1. Inspect the stretch 204-224 for any residue being within 30 Å of Arg59 (Cβ to Cβ) and assigned to a strand (DSSP E or B) and give the result as yes or no.
2. Can you tell me which of (1) hydrophobic (A, V, I, L, M, F, W, C); (2) closer than 28 Å to Asp22 by Cβ; (3) touching a helix residue (DSSP H, G or I) at 6+ places or on another chain (Cβ under 8 Å) is the one Leu182 doesn't meet?
3. Take the residues in the stretch 254-275 that are among the β-branched types (Val, Ile, Thr) and surrounded by 10 or more Cβ atoms within 10 Å (Cβ to Cβ), then tell me which one is nearest to the chain's Cα centre (by Cα).
4. Would you tally the residues in the stretch 178-199 being farther than 22 Å from Ser125 by Cα and either in contact with a Leu (Cβ under 6 Å, 6 or more places away or on another chain) or not charged (D, E, K, R) (or both)?
5. Look through the stretch 31-56, keep the residues that are in contact with a Leu (Cβ under 9 Å, 6 or more places away or on another chain) and surrounded by fewer than 11 Cβ atoms within 10 Å (Cβ to Cβ), and return whichever of them is farthest from Glu78 (Cα to Cα).
6. Just the residues that are within 19 Å of Arg210 (Cβ to Cβ) and in a loop (DSSP other than H, G, I, E, B), please, taken from the stretch 40-53.
7. Under 9 Å between Cβ atoms, which residue pairs at least 6 apart in sequence (or on different chains) link something in the stretch 177-202 that is closer than 21 Å to Lys111 by Cα with a partner that is among the acidic types (Asp, Glu) and modelled with pLDDT of 95 or more?
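The values are calculated or read from the model by the stated rules, or taken from the named source; none is laboratory data. All values reported here derive from a predicted model rather than from experimental measurement. Using ideal geometry, Cβ is built from the backbone for each residue, glycine included, and neighbour counts are taken over all protein chains shown.
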Amino acid sequence: MAIKVYKKNNAGRRNMSIVKPDNLTDKKPEKSLVVGLSNKSGRSNGKISVRHKGGRVKRQYRLVDFKQNKFGISGRIEAIEKDPNRSALIALVFYKDGEKRYILATEGMKKDDQVLTQEDAPVKSGNRLALKNIPAGTTISCLELMPGKGIQIIRSAGGSASLMSIDGDKAQVKMASGEIRLFNKECFATIGQVSNFEHSAIRIGKAGRRRKMGFRPAVRGSAMNPVDHPHGGGEGRQGVGLKYPKTPWGKCALGKKTRRKNRYSNNFIVSRRKK
């Protein structure tokens, strides 16, 4: 995988870069696994409900298999593709029973690799198996929160966690944030790190490229009037002038804990993430 930095021909190109994965396959997306994607532009009933959205280029949605419930049927990786809807790369899998599915690609995955989803599958990058059959210290990703519910966490580019131990019917998993959490040992996880870990190194370079991704401009609260934002008003470049920064609706913007104190899943957190 390499980061391509453009020549400094103009101001926009000066800081622009893209990631060029070595294992990408030169092919169009699988027609049967692609659907149209409507652009709501952050609006509900014509009114803006989510700010700073809209104006992105037209794209199609790839139907990614987050259940990965083809137990005991091995599949061959036919292609590694970029997905415009997510940061990680996706892999097109041809299963032995003739079915085709997209899955999230793991780091190092390439064409013609074999993958298997099974409770006691071999501990090999790309294979998917139950936590109880994974050795302690193994790097995992694409983890279920509840058995059979499908992949819910650790699925963005470069994401990974570490299986620490199996305790009774629970498994201790250390997340990238440092949080240690309990999972049912019957939950499935994929061996290895999610692909495209260099995604965070991309430099957008110019505003126009960001607009094509669907992001509209964000105005600073301190540049507004007091009626429009808690940070607004004052002469010149006045500071926030408050004890802490706030959202446009007056809520704490930084450092405020938003997790409910009595949330049912608090019992599964062994050690909180560090600030």
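1. Residues of the stretch 204-224 within 30 Å of Arg59 (Cβ to Cβ): 204-220.
Now drop any that are not assigned to a strand (DSSP E or B), which leaves 215.
Looking for residues that are within 30 Å of Arg59 (Cβ to Cβ) and assigned to a strand (DSSP E or B), one finds at least one in the stretch 204-224, hence yes.
2. Of (1) hydrophobic (A, V, I, L, M, F, W, C); (2) closer than 28 Å to Asp22 by Cβ; (3) touching a helix residue (DSSP H, G or I) at 6+ places or on another chain (Cβ under 8 Å), only one is false for Leu182: (2).
3. At the first step, the residues of the stretch 254-275 found to be among the β-branched types (Val, Ile, Thr) are 258, 269-270.
Subset that is surrounded by 10 or more Cβ atoms within 10 Å (Cβ to Cβ): 269-270.
Values: Ile269: 21, Val270: 24 Å.
Filtering the stretch 254-275 for residues that are among the β-branched types (Val, Ile, Thr) and surrounded by 10 or more Cβ atoms within 10 Å (Cβ to Cβ), the one nearest to the chain's Cα centre (by Cα) comes out as Ile269.
4. The first filter runs over the stretch 178-199 and keeps only residues farther than 22 Å from Ser125 by Cα, leaving 178-182.
Still in the list and also either in contact with a Leu (Cβ under 6 Å, 6 or more places away or on another chain) or not charged (D, E, K, R) (or both): 178, 180, 182.
Final tally of qualifying residues: 3.
5. Kept after step one, since they are in contact with a Leu (Cβ under 9 Å, 6 or more places away or on another chain), are these residues of the stretch 31-56: 32-35.
Adding the requirement that they be surrounded by fewer than 11 Cβ atoms within 10 Å (Cβ to Cβ) leaves 32, 35.
Values: Ser32: 15, Val35: 20 Å.
Step by step, filter the stretch 31-56, then rank; the result is Val35.
6. Step one: list which residues in the stretch 40-53 are within 19 Å of Arg210 (Cβ to Cβ), which gives 40-42, 48, 50-53.
Within the stretch 40-53, Lys40, Ser41, Gly42, Val50, Arg51, His52 qualify.
7. Matching pairs, first to second residue: none at all.
Conditions tested, residue by residue: (1) outside the structural domain of Ile151 (by TED's automatic domain parsing); (2) loosely packed, with under 14 Cβ neighbours inside 10 Å; (3) within 15 Å of Ile151 (Cβ to Cβ).
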residue	(1), (2), (3)
Lys58	no, yes, no
Asp65	no, no, yes
Asn69	no, yes, yes
Glu78	no, no, no
Glu81	no, no, no
Ser87	no, no, yes
Ala105	no, no, yes
Lys111	no, no, no
